[in-house]
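Presented below is the structure to which this report refers.
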Amino acid sequence: MTTFIKINKADNVCVALTELSKGQDIEIDGKSITLKDNIPYGHKFLIKDIEKGQDVIKYGYPIGHLREDHQQGELVDDRHIQTNLAGLLEYTYNPVFNEDDLKEGNDCHVDCPTEGLPTTFMGYKRKNGDVGVRNELWVIPTVGCVNGVVNQIVQELKAQTGFENNTPGAGIDRIVAFNHNYGCSQLSEDHENTRKILRDMVLHPNAGAVLVVGLGCENNQPDKFEQLLGDYDKQRIRILVTQKVDGDEVEEGVKIAKELYDIACQDKRTETPVSELRIGLKCGGSDGLSGITGNPLLGVLSDYIVSKGGTSVLTEVPEMFGAETILMNRCADKQLFDKTVKLINDFKSYFLSHGEPVGENPSPGNKAGGISTLEDKALGCTQKCGKSAVRGVLDYGERIEQKGLNLLSAPGNDLVASTALAASGCHIVLFTTGRGTPFGTFVPTMKISTNSNLANRKKNWIDFNAGVLAEGATMDDTFREFTKKVIAVANGETTWNEKKDYQEISIFKNGVTL
């Protein structure tokens with residue numbers, strides 16, 4: 001078993017794939033190095049002497065500079081490395097793809113063999129031509145004031161239809177109430193963020209039917225919200241305004257929800273090409289192996305989906321800082337490059353407007369796992385989107401229009417970003433983690449562990465273990481197994497967040513509350 005890895009030939013650090021001991025001799029690049037510190041797994045050690053101010057190179061790119069002189073064989077982590085990130089930057093478009101690449105499909109080459117892999121999944125065809133991977137009944141409040149009402153509607157509907165303890169009835173995968181605290185006392189952008197995310201949920205193809213429940217006096221007025229839905233399926237989407245109900249609004253809500261239930265129960269899965277599949281790419285609670293195991297695995301899967309005409313979406317804009325030029329130069333044209341520059345600089349401006357540094361270090365869990373700076377995190381994060389050309393750039397709350405790889409504006413926060421991915425139209429969120437987390441958003445949220453220790457300790461969280469890649473498993477074999485698992489989830493196999501009924505939403509807020 002390999003005990004450490006030099007990721008790129010230009011790197012001046014290696015990453016421990018298991019715990020290494022002080023005094024241990026290792027061979028790297030034809031020379032012997034004696035470790036001067038104990039090196040926890042996932043952490044970095046120098047393979048050459050570096051002076052104060054010089055860059056630490058990982059993945060072939062700088063991840064910051066040293067605060068003091070250090071020698072080969074020494075551990076270097078967040079205590080020793082200072083970010084190179086600063087404020088807004090000007091960027092130049094240096095595309096890695098030419099016109100022939102984009103025309104001939106060389107922009108979505110898959111690094112692993114794909115023969116025999118699934119090219120279809122069993123989806124639910126919707127009236128508007130869209131396809132879902134679940135057939136659920138959702139009860140969505142326009143405002144937090146009616147959270148209790150929607151909870152009671154769902155509880156009573158489950159009791160009447162045999163859904164106690166999440167036991168699905170015929171044709172329906174799940175009945176869910178999605179509580180949130182917004183919809184009133186919000187201004188401008190915050191107000192629109194709430195409206196857009198709730199609209200995106202109501203129109204999401206994973207819902208076979210939706211009951212929207214409003215109060216009546218909220219900022220997010222139900223009649224104006226209905227206009228935002230456009231030409232929607234009025235048979236499967238109903239709106240209840242509780243202040244207009246004479247009598248018990250829960251009783252009225254259950255009556256409507258039961259009608260929706262009976263309609264959605266008639267839906268059946270049909271064979272659908274992978275070109276209709278949309279996957280969201282997310283990581284959180286990362287460790288030093290995230291950019292070596294789980295994230296590169298998602299990258300190959302993303303390239304495969306894109307090569308079949310499908311769609312993948314990468315978000316967490318602050319965790320692109322330090323790796324943004326890689327994404328910018330993969331943009332299919334100058335217009336997309338300009339939108340990506342705006343994506344990055346708008347989020348940097350957001351940080352700076354609140355007096356926060358652009359290069360704020362990752363979370364304590366990330367640091368404990370071996371990630372030292374935001375650049376270190378970003379260079380690992382961006383591997384989730386493989387090597388395909390960027391075909392779309394989305395603002396927060398926008399829905400996917402262009403197939404292929406898309407970039408989406410959203411913060412790094414796990415639940416906010418995962419909600420945004422689902423709201424953009426992703427059927428499934430693929431979530432890599434080295435530290436572990438149980439949560440899920442309103443679509444299946446599949447957890448991929450980046451190390452086997454986590455997978456073994458948290459079998460009730462983790463859906464797939466990519467940690468085997470650090471233990472001798474090949475990327476070819478792991479990718480094949482992973483692809484089949486993702487398609488199985490699209491076919492209806494439940495993820496752990498679904499089994500545990502961990503389904504939540506969180507909406508990005510950055511303004512004033514009245």
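Within the stretch 1-51, how many residues turn out to be small (Gly, Ala, Ser) and surrounded by 19 or more Cβ atoms within 10 Å (Cβ to Cβ)?
Count: 2.
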Residue among Leu407, Leu415 that is part of a strand (DSSP E or B) and under 30 Å from Thr325 (Cβ atoms): Leu407
Any idea which of (1) among the basic types (Lys, Arg); (2) more than 28 Å from the chain's Cα centre (by Cα); (3) within 23 Å of Thr83 (Cα to Cα) is the one Lys22 doesn't satisfy? (3)
What residue, of Leu240, Leu229, is closer than 16 Å to Leu198 by Cα, touching a strand residue (DSSP E or B) at 6+ places or on another chain (Cβ under 9 Å) and surrounded by fewer than 18 Cβ atoms within 10 Å (Cβ to Cβ)? Leu229
I'd like the full set of residues that are in contact with a Lys or Arg (Cβ under 9 Å, 6 or more places away or on another chain) and at positive phi, limited to the stretch 99-120. Gly116
Residues in the stretch 456-514 that are assigned by TED's automatic domain parsing to the domain that holds Met446, more than 18 Å from the chain's Cα centre (by Cα), among the small types (Gly, Ala, Ser) and part of a loop (DSSP other than H, G, I, E, B) total 3
Where a residue in the stretch 331-349 is closer than 12 Å to Leu394 by Cα and its partner, wherever it lies, is of a type in the set (Ser, Thr, Tyr), with Cβ under 6 Å and at least six apart: Leu343/Ser409
Search result, residues across the stretch 352-367 that are touching a Pro at 6+ places or on another chain (Cβ under 9 Å) and free of Cβ contacts under 8 Å to residues at least 60 places away in the same chain: Glu360
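Every residue, every condition in (1) in a loop (DSSP other than H, G, I, E, B); (2) in contact with a His (Cβ under 7 Å, 6 or more places away or on another chain); (3) within 22 Å of Tyr61 (Cα to Cα); (4) not assigned by TED's automatic domain parsing to the domain that holds Ser449, yes or no:
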{"site": "Leu298", "(1), (2), (3), (4)": "no, no, yes, no"}
{"site": "Ser302", "(1), (2), (3), (4)": "no, no, no, no"}
{"site": "Val306", "(1), (2), (3), (4)": "no, no, no, no"}
{"site": "Gly322", "(1), (2), (3), (4)": "yes, no, yes, no"}
{"site": "Leu343", "(1), (2), (3), (4)": "no, no, yes, no"}
{"site": "Asp346", "(1), (2), (3), (4)": "no, no, no, no"}
{"site": "Phe351", "(1), (2), (3), (4)": "no, no, no, no"}
Check Ile5, Ile57, Ile50, Ile33 and return the single one that is in contact with a strand residue (DSSP E or B) (Cβ under 8 Å, 6 or more places away or on another chain) and either within 16 Å of Asn451 (Cβ to Cβ) or free of Cβ contacts under 8 Å to residues at least 12 places away in the same chain (or both). Ile5
As an exercise: evaluate Leu379 against (1) touching a residue at least 40 places away in the same chain (Cβ under 8 Å); (2) surrounded by fewer than 24 Cβ atoms within 10 Å (Cβ to Cβ) and give the number of the one condition it does not meet. (2)
Quick one: count up the residues across the stretch 282-337 that are of a type in the set (Gly, Ala, Ser) and within 15 Å of Asn451 (Cβ to Cβ). 7
Can you confirm whether the stretch 273-292 contains a residue that is under 25 Å from Val13 (Cβ atoms) and of a type in the set (S, T, N, Q)? yes
Determine which single condition Leu75 fails, assuming it passes every other condition in (1) in contact (Cβ under 8 Å) with a residue 60 or more places away in the chain; (2) buried (at least 18 other Cβ atoms within 10 Å of the Cβ); (3) touching an Asp or Glu at 6+ places or on another chain (Cβ under 8 Å). (1)
Apart from one, (1) over 30 Å from Val149 (Cβ atoms); (2) surrounded by fewer than 24 Cβ atoms within 10 Å (Cβ to Cβ); (3) touching an Asp or Glu at 6+ places or on another chain (Cβ under 9 Å) all hold for Ala264; the odd one out is (1)
Members of the stretch 112-145 found to be aliphatic (A, V, I, L, M) and over 24 Å from the mean Cα position of the chain (by Cα), listed by number: Val143
Is there a residue being of a type in the set (D, E, K, R) and either surrounded by fewer than 21 Cβ atoms within 10 Å (Cβ to Cβ) or closer than 30 Å to Ser21 by Cα (or both) anywhere in the stretch 135-152? no
Tell me, which residue of the stretch 96-121 that is in contact with a strand residue (DSSP E or B) (Cβ under 7 Å, 6 or more places away or on another chain) and crowded, with 16+ Cβ neighbours inside 10 Å is nearest to Ile237 (Cα to Cα)? Phe121
Test set (1) of a type outside the set (Gly, Ala, Ser); (2) touching a Leu at 6+ places or on another chain (Cβ under 8 Å); (3) at pLDDT 95 or above - Leu198 fails condition number: (2)
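The values are calculated or read from the model by the stated rules, or taken from the named source; none is laboratory data. Since we're looking at a predicted model, the values are computed, not measured. FYI the Cβ positions are ideal-geometry reconstructions off the backbone, even for glycines, and counts take in every protein chain you see.
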